[in-house]
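A short worksheet on the structure shown next.
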Amino acid sequence: MTGDRALPVNDERALREAVIATALAMNAAGINRGKSGNVSARWRDAAFDGFLITPTGIPYAQTAPEQIVAMNLQGTARGTMVPSSEWRFHRDIYVARADAQAIVHTHAPFATSIACLRRGIPPFHYMVAVAGGKDIRCAPYATFGTQELSDCTLEALDGRRACLLANHGMIAIGPSLEQALALAVEVETLAEMYWRAMQIGEPVQLSAGEMDVVLEKFRTYGQPRTIPEH
Ligand SMILES: [Zn+2]
């Protein structure tokens, strides 16, 4: 991970470009396809407190920095572009979670397949702790773009940095766009391994005690804001 070594993004134009680059990287990494999914980053300056989010309906490869939508924490968008239909959970996460500086939402194939069973990812592998807890929850189903979905999402993210969304996809949050994207890739990797293991049998789950050990090691592992590389 290079996220913590990257220079801080200190101007709005650069952050808009980084949001687009993250959306393109999300698709290039195979964790999202087409125009589904969305990406945002918190943005504050003297006159603004909110976030920058991908617009609705424009392929990421054709999205220009000025088309990224600035939205304040009251949910009011600046300019004429329409934000992603999922702006509500982005807004609500930024309001509720000081640790969220960036949000990546994808319809990653394996994570979404698990979510279509309305299952979360249990502690079948110690790296499940990368999302901040002993499992990765699946939020109950609610229609996309609704306040109900946002409420369900916040609950599933309680004490976590990622969750699945039933019959929909997944969300990862982080202290930077790079870290949120890296976590989304990690969650999809875990979902794929869980799915593969389930083809052969029922994966053996680690005990709560074992997961406590892992969570403690992660808390003290290297630089605390990076995803462990083991
Ligand atoms: Zn979605």
Exercise for the section: Among what's in region 47-75 and is surrounded by 14 or more Cβ atoms within 10 Å (Cβ to Cβ) and assigned to a helix (DSSP H, G or I), pick the residue that is farthest from the ligand (Cβ to nearest atom). Expected result: 65
Completion exercise
When region 98-114 is checked residue by residue, the ones that are surrounded by fewer than 21 Cβ atoms within 10 Å (Cβ to Cβ) and within 15 Å of the ligand (Cβ to nearest atom) are 107, 109, 113
Handout entry: Which numbered condition residue 24 fails, given (1) part of a helix (DSSP H, G or I); (2) buried (at least 21 other Cβ atoms within 10 Å of the Cβ)
Key = (2)
Exercise for the section: Could you please find all residues in region 1-18 being at pLDDT 95 or above and either touching a helix residue (DSSP H, G or I) at 6+ places or on another chain (Cβ under 7 Å) or at positive phi (or both)? Expected result: 16, 17, 18
Practice task
Could you check residue 78 against (1) open to solvent by 70 Å² or more (accessible area, probe 1.4 Å); (2) in contact with a Phe, Trp or Tyr (Cβ under 9 Å, 6 or more places away or on another chain); (3) within 16 Å of the ligand (Cβ to nearest atom) and say which number it fails?
Solution key: (3)
Practice task
Determine if region 115-126 includes at least one residue that is at pLDDT 95 or above, within 30 Å of residue 73 (Cβ to Cβ) and open to solvent by less than 20 Å² (accessible area, probe 1.4 Å).
Solution key: yes
Handout entry: Failed item, numbered, when residue 144 is tested on (1) closer than 21 Å to residue 53 by Cβ; (2) open to solvent by less than 10 Å² (accessible area, probe 1.4 Å); (3) over 11 Å from the mean Cα position of the chain (by Cα)
Key = (2)
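Let's see how each residue does on (1) assigned to a strand (DSSP E or B); (2) within 16 Å of the ligand (Cβ to nearest atom); (3) within 30 Å of residue 91 (Cα to Cα):
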{"position": "129", "(1), (2), (3)": "no, no, yes"}
{"position": "150", "(1), (2), (3)": "no, yes, yes"}
{"position": "154", "(1), (2), (3)": "no, yes, yes"}
{"position": "164", "(1), (2), (3)": "yes, yes, yes"}
{"position": "167", "(1), (2), (3)": "no, yes, yes"}
{"position": "188", "(1), (2), (3)": "no, yes, yes"}
{"position": "192", "(1), (2), (3)": "no, no, yes"}
{"position": "204", "(1), (2), (3)": "no, no, no"}
{"position": "210", "(1), (2), (3)": "no, no, no"}
Handout entry: Among residues of region 82-121, those that are among the hydrophobic types (A, V, I, L, M, F, W, C), within 20 Å of residue 71 (Cβ to Cβ) and assigned to a strand (DSSP E or B), counted
Key = 3
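The values are calculated or read from the model by the stated rules, or taken from the named source; none is laboratory data. Being a predicted model, the structure only gives us computed values, none of them experimental. Note: ideal-geometry Cβ built from the backbone for every residue, glycine included; neighbour counts use all protein chains shown. In case anyone asks, the SASA skips ligands and DNA or RNA and just uses the protein heavy atoms, side chains included. Shrake-Rupley method; radii C 1.70, N 1.55, O 1.52, S 1.80 Å.
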